[in-house]
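Report on the following structure.
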Amino acid sequence: MSEKRKFLICYDIVDQRRLRKVHQLLSASAMSVQYSVFEAELSNVQLEQLKEKLLPCIKSDVDKLTIYRLFKTNAKLDLAMVADDELLFI
C-alpha cells in the first residue's frame with residue numbers, strides 16, 4: 001500500500017448545487033478545517049480517485065478548487081501570533 005500524505009483542499013464554487021456536491025464529496029474523505037477548506041491524508045490512489053469524483057462537479061471557467069500538498073517540515077506555519085498585547089506578523 002502506498003504511503004499517505006497530507007493535503008489541503010480549498011475551493012470556491014459559484015453554483016450552490018455544485019458547491020454542495022463538492023462539500024459532500026470532500027466530507028466523506030477529508031476533515032473540514034473551515035467551510036471551504038479541508039485537510040486530507042490520502043495515498044496516491046485515493047488522491048486520484050478523489051480528483052476523478054471532483055472534476056465533473058467543477059466548471060473550470062467560474063469555479064476554483066486547489067489541492068496543496070503539505071510537507072512534514074512545513075505542515076504548520078503560523079502567520080500571526082500574539083505577544084505582549086501586540087499582533088506580530090511572521
Exercise. What is the local net charge at F7, summed over the other residues whose Cβ is closer than 10 Å to its Cβ (Lys, Arg +1; Asp, Glu -1)?
Worked result: +2
Exercise. By how many nm would the segment from S29 to Q49 lengthen if fully extended, with 0.36 nm per residue of separation less the alpha-carbon distance?
Worked result: 6.1 nm
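Every read-out reported here was derived from the displayed coordinates using simple, explicitly stated rules and does not represent laboratory data. These numbers come from a predicted model, not from an experiment. No Cβ is skipped: glycine too gets one built from the backbone with ideal geometry, and neighbour counts run over all protein chains shown.
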